[in-house]
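The values are calculated or read from the model by the stated rules, or taken from the named source; none is laboratory data. Because the structure is predicted, anything quoted here is derived from the model rather than measured. Don't worry about glycine lacking a Cβ; one is built from the backbone with ideal geometry, like all the others, and counts go over all protein chains shown.
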Amino acid sequence: MKKKIVLAVVTIVVTCLVVYVFYPRLSGYFSDDADAEHIISMKQNIPISDVKMFIKGFPAQSAEEDPREYFSREIVNAYTVRFFKFLETQIEFTSMDDHLKAVKAYLYSKFPPLQAQEMFALYRKFLDYEIQIHEKAKAWGQPKTAEELLRYLQSVQDYRRDIFGKEIADAMWGAEVKAHEYTIRKNGIKNDPNLYGAEKERRISHLKEEMWGADAVRLEDAPQTDSERYEVYQEKQELYQKDLQQLTEYEKLRKIKEFREKYFTAEQMAKLEQVDREMEHERLRESDYYAKEKAILNDFSLSDEKKALAIQELQNSLFGEDADALRRRINIQKQASP
């Protein structure tokens, strides 16, 4: 039962974030009001290194990790919730009493007695909190816009503060909440169709300074791997979507080349340009196909049987060995359409 509740709590948070991330059109417009209030104040000194862990994706704790590495000075920090979730999932949960006994034994085997005692007391409180927040979240409902998601995060953190006290709640969840808030607000700017790229970049820069002050420059590291460089390049295109839409095809290609030169080597750019040519060839081929298919379908001198045969021959002629894949895709699209 408890494991189901744990999974439900995780699902609630993840689902709410997915609503925003994958449906950006639901997001509202965010102003760059310098006096905007944030869930976690900059004055609370949440380490930016902790926030970056959550922005990049904080993996679950593994059995190979030694928890003493994270709690050498205090038991309450950005790793506490991660450790507690490890205890929930890795220590058998046949009953609450048996689980707590096993957790207590584990903690005393890893930490000095006083620290183990404090950790165990906090863990018991954490378990009660998870059951309560599960019920609370059902009453709050699922947010459908970015603004509602921010209010939801605020409500959750306020409830944690009521349970644990502001200092402990912000130490345990502050970095995660701050990372989520930044991502929501950043995406609200990035996905605004009314803003040009330069204005979006200005507002995102302002948002960083508003949330982290002088530390803002440390928030996002320069891309190191090819996948990171491509991700930054893709984001650049998203930021400048309105600009690109208003350019001629020649100007658009020049602008994209300008973006690529910031992140890729000459060899990588050559590969991207080859991909561009292949995609353009495929686009033209499909455009030619659908134009000819339309002409066949509109030819009233042909029976339905002859139309089907002519379309199949057209597909074989234009797509060769890819014709079967095209037919499968067309069938899937037909099945998916209402």
Discussion item. Filter the range 31-47 down to the residues that are at pLDDT below 55, in contact with a helix residue (DSSP H, G or I) (Cβ under 8 Å, 6 or more places away or on another chain) and loosely packed, with under 15 Cβ neighbours inside 10 Å and list them by number.
Written reply: Ala34
Worksheet item: When the range 209-225 is examined, which residues are found to be without any contact (Cβ under 8 Å) to a residue 24 or more places away in the chain and in a helix (DSSP H, G or I)?
Response: Glu209, Ala214, Ala216, Val217
Item to complete: Report yes if Asn194 is assigned to a loop (DSSP other than H, G, I, E, B) and not assigned by TED's automatic domain parsing to the domain that holds Leu247, otherwise no.
Response: yes
Practice prompt. Find all pairs meeting these conditions: Cβ atoms under 7 angstrom apart; at least six residues apart or on different chains; first residue within the range 236-252 and more than 15 Å from Lys262 (Cβ to Cβ); second residue assigned to a loop (DSSP other than H, G, I, E, B) and not polar (S, T, N, Q).
Written response: Lys242/Pro193; Lys242/Leu195; Lys242/Tyr196; Asp243/Tyr196
Discussion item. For the condition among the acidic types (Asp, Glu) and over 22 Å from the mean Cα position of the chain (by Cα), what is the one hit in Asp243, Asp221?
Written reply: Asp243
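Residue-wise test of (1) touching a residue at least 24 places away in the same chain (Cβ under 8 Å); (2) within 11 Å of Ala146 (Cβ to Cβ); (3) in contact with a helix residue (DSSP H, G or I) (Cβ under 8 Å, 6 or more places away or on another chain).
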residue	(1), (2), (3)
Lys166	no, no, no
Asp170	yes, no, yes
Ala175	yes, no, yes
Ala179	yes, no, yes
Tyr182	yes, no, yes
Arg185	yes, yes, yes
Arg202	yes, no, no
Discussion item. I need the full set of residues from the range 71-87 which are of a type outside the set (A, V, I, L, M, F, W, C) and at pLDDT 95 or above, in order please.
Written reply: Asn77, Tyr79, Thr80, Arg82, Lys85
